[in-house]
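Everything on this sheet refers to the single structure shown next.
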Amino acid sequence: MGDKMDCIFCKIVNGEIPSYTLYEDDIVKVFLDVNPDTNGHTLIVPKKHYTDLFDIDDNTLMHIMNTAKKINQLLSDKLHTDGLTLVQNNGLKQEVKHFHLHLKPQYKNEGKLLSVEEIYKKING
């Protein structure tokens, strides 16, 4: 189990660390990844600390997937995406031991990687 006191995602959820937040409700916080693989690379993080897929409850998991559908529409509308890859790591490949779902937009014509600030402005502009 990861230590919640040192968890970067818990700190983002609590507002101790700023984030480029795209959406938030009682269950999740959605924000741009600060080290994106693609333009619009987004994370959906439950506000409650769950370590991984094997720790999270089904209702929260379903809420995260429904949120992914909404965020995909937002990314599609604002960034003109052509597809979406969902990634969720557990164990060895999981850098932050707090469940999170990566939304990685795909583009037919992948342009240069823009700064997170530029992407945030495009989405919220």
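Listing for the model above:
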item	result
Globularity ratio of the chain, using Cα Rg and 2.2 N^0.38 Å	1.02
Fraction of beta bridges assigned by DSSP in the chain that are antiparallel (%, nearest 5)	100
Straight-distance crosslink candidates among lysines, where the alpha carbon sits under 21 Å from residue 122 and sequence neighbours closer than 8 are dropped	29, 69, 70, 78, 104, 108, 112
Helix 58-79 axis, angle to the chain major axis (alpha carbon atoms, nearest 10°)	20
Choice from 61, 103, 32 showing the highest fluctuation, given a GNM over the chain with Cα pairs closer than 10 Å	61
Whole-angstrom gap from segment 99-119 to segment 64-92, using each part's C-alpha centre	10
Contact order relative to length of the chain, as percent, for alpha carbon pairs under 8 angstrom and 6 or more apart	30
Gain on full stretching of the segment that runs from residue 27 to residue 78 - 0.36 nm per residue minus C-alpha separation	15.9 nm
Cβ-derived FRET efficiency at R0 41 Å, residue 5 paired with residue 108, nearest 0.05	0.40
Computed magnitude of the charge dipole of segment 4-124 (debye, nearest 20; Cβ of K, R +1, Cβ of D, E -1)	200
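No lab work stands behind these numbers, since they all come straight from the coordinates. Computed from a prediction, not measured in an experiment: that's the story for all the values here. Counting neighbours? That spans all protein chains shown, and the Cβs are built from the backbone with ideal geometry, glycine included.
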